[in-house]
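What follows is a short report on a single structure.
The values are calculated or read from the model by the stated rules, or taken from the named source; none is laboratory data. Computed from a prediction, not measured in an experiment: that's the story for all the values here. Cβ placement follows ideal geometry from the backbone for every residue including glycine, while neighbour counts extend to all protein chains displayed. Side chains are part of the model used for accessible areas, which takes the heavy atoms of the whole protein and leaves out ligands, DNA and RNA. Shrake-Rupley method; radii C 1.70, N 1.55, O 1.52, S 1.80 Å.
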Amino acid sequence: MNVYDGERMGELLGEKGLAPAPEGEDADLVVLNTCHIREKAAEKIYSDIGRLTKGKTQKKAPMIAVAGCVAQAEGEEIMTRAPAVSMVVGPQAYHRLPDMLDKAVRGERSTDTDMPAIAKFDSLPKRRRSSPNAFLTVQEGCDKFCTYCVVPYTRGAEISRPFSHLVDEAQKLVEAGAREITLLGQNVNAWGGEDDAGRAVGLAGLIHVIAKIDGLERIRYTTSHPNDMDDALIAAHGEVDKLMPYLHLPVQSGNDRVLKAMNRSHTAEGYLKLLERFREVRPDIALSGDFIVGFPGETDAEFEDTLKLVDEVRYAQAYSFKYSPRPGTPAATMDDQIPQEVMEERLARLQDRLSRDQLAFNEATIGQECDVLVERKGKRDGQWLGKSPWLQSVWFEGEAQIGDMVRVDLIEGRPSSIRGELI
Ligand code: SAH
Ligand code: SF4
């Protein structure tokens, strides 16, 4: 989502005549777009600000804006601690960046951490440029209040962008060069709207309509929440050819007591049953998840349940994190915070299994041919990198261009990539 927001801020500033600074060149304005999901992000901005201003006279130092969820959470504190910052703008208010920039040029510093529901999207420019794999935010915010998580506080309540706006933005993205669109939301499958005839539609309905856009070849969505999953979305994986065989469905823990303490309101078994239903309609689906180890009070035996769940699912890919106490969340003040070394040991064991399964998944696809959407050049001349339908990174050599959809033989499975040969 930060990539999406970053692109939109770039487009807004583009309308004011700004252009991206070539790499390695001094920029006149630097926007630090931040994430608050785990700690250290805040400290990182202060060191980035130091690096940007170090040894530079006021005239040479770039103007600095801090955006994103750290800006939302820390607001005025950033202004006080970092006099070099001219603008602090939250993730729901960045459409006001051009006005803030005008003020900054006049020497006025400003902070905007308002959360107007949908105004931001309405005031963003039309999409004119797109990479082959584009992001499209359909839903923002979260009402779930998992006890460890800051998202409901920084991104605000769940809102769904209107159906017609999304179909229009998807169409514009395709006209601008997108061949794959990833629909985004903190809980993307909570998206709901009304179609042109006033009928209620959920994410599956939106996917069916977007799939009709000529020139669009692939659709993905992320991140889903187990509780918002509906029959239509599961069925869509068997019905819509353009919907890629990949599902990112975070579980966090394999133990029901921990899940309850996290306020996840799903059980390990309920989660496994859900995955089973996806596998029924799409047997080759690549499954992905998120995990937190060392949630307050997590015992060794409870952690073992997470390993058991992993053994059962055999994820194609996954993200795993040490629990990080976030200010203002209920878990941050719970008893029994787990020591760092225990978290580290658990994380290493979990990641060992996840890497084992990722390699196994990659190796199991060897011998097949598949479409690869070319995203960028590889390290060496003539090398290209792209994604398989299962979101694996595939690299190959030969004649290609960014944005091509090419047929590739999958030749060699590595831990986090696949070597392919162009057909
Ligand atoms: N809405 C999605 C996840 C969004 S946050 C969901 O609920 O499934 C992305 C991931 O960051 C979460 O799935 C979780 O694994 C991780 N995360 C969130 N808060 C965290 C914290 N305080 N410490 C460690 N990891 C955290
Ligand atoms: Fe955070 Fe996801 Fe839970 Fe919402 S559902 S509070 S975003 S982890």
* To do: Might you let me know whether the stretch 163-180 holds any residue that is more than 30 Å from residue 323 (Cα to Cα), surrounded by 14 or more Cβ atoms within 10 Å (Cβ to Cβ) and in contact with a His (Cβ under 7 Å, 6 or more places away or on another chain)?
  => no
* On the given criteria, is residue 351 open to solvent by 50 Å² or more (accessible area, probe 1.4 Å), more than 15 Å from ligand 2 (Cβ to nearest atom) and part of a loop (DSSP other than H, G, I, E, B)? -> no
* Asked: Can you tell me how many residues in the stretch 221-246 are more than 16 Å from ligand 1 (Cβ to nearest atom), under 24 Å from residue 387 (Cα atoms) and not small (Gly, Ala, Ser)?
  -> 9
* Only one residue in 328, 270, 289 is within 16 Å of ligand 2 (Cβ to nearest atom), under 23 Å from residue 187 (Cα atoms) and part of a helix (DSSP H, G or I). Which one? -> 270
* Asked: Within the stretch 392-423, how many residues are in contact (Cβ under 8 Å) with a residue 40 or more places away in the chain, out of contact with any Pro (no Cβ under 9 Å at 6 or more places or on another chain) and open to solvent by 50 Å² or more (accessible area, probe 1.4 Å)?
  -> 7
* Does the stretch 335-343 include one or more residues that are assigned to a helix (DSSP H, G or I), open to solvent by 20 Å² or more (accessible area, probe 1.4 Å) and among the charged types (D, E, K, R)? -> yes
* With respect to residue 28, is the statement that it is farther than 30 Å from residue 149 by Cβ, open to solvent by 20 Å² or more (accessible area, probe 1.4 Å) and of a type outside the set (A, V, I, L, M, F, W, C) true? -> yes
* Structure fact -> Those residues of the stretch 112-171 which are among the hydrophobic types (A, V, I, L, M, F, W, C), within 16 Å of ligand 2 (Cβ to nearest atom) and assigned to a helix (DSSP H, G or I) amount to 151
* Cβ-Cβ under 8 Å pairs, at least 6 apart or on other chains, the stretch 35-60 side small (Gly, Ala, Ser), far side in a loop (DSSP other than H, G, I, E, B) -> 41/35; 42/36
* To do: Look at residue 295 and say whether it is assigned to a loop (DSSP other than H, G, I, E, B), within 16 Å of ligand 1 (Cβ to nearest atom) and hydrophobic (A, V, I, L, M, F, W, C).
  => yes
* Yes or no: residue 312 assigned to a helix (DSSP H, G or I), touching a residue at least 40 places away in the same chain (Cβ under 8 Å) and open to solvent by 60 Å² or more (accessible area, probe 1.4 Å)? -> yes
* Residue pairs meeting the criteria (Cβ under 6 Å; at least 6 apart or on separate chains; first touching a residue at least 24 places away in the same chain (Cβ under 8 Å), in the stretch 350-366; second assigned to a helix (DSSP H, G or I) and open to solvent by less than 40 Å² (accessible area, probe 1.4 Å)) -> 353/310
* Having 2 or more residues that are over 21 Å from the mean Cα position of the chain (by Cα) and either closer than 29 Å to residue 334 by Cα or within 16 Å of ligand 2 (Cβ to nearest atom) (or both) is the bar; report the helices (runs of 4 or more DSSP H) wholly within the stretch 188-264 that clear it. => 256-261
* **Among the candidates 55, 68, residue that is open to solvent by less than 10 Å² (accessible area, probe 1.4 Å), farther than 20 Å from residue 107 by Cα and not basic (Lys, Arg)** => 68
* residue 247 is checked against (1) crowded, with 21+ Cβ neighbours inside 10 Å; (2) touching a Pro at 6+ places or on another chain (Cβ under 9 Å); (3) more than 18 Å from residue 350 (Cβ to Cβ) and fails just one. What number does that condition carry? -> (2)
* To do: Kindly indicate whether residue 190 is surrounded by 19 or more Cβ atoms within 10 Å (Cβ to Cβ) and more than 16 Å from ligand 1 (Cβ to nearest atom).
  => no
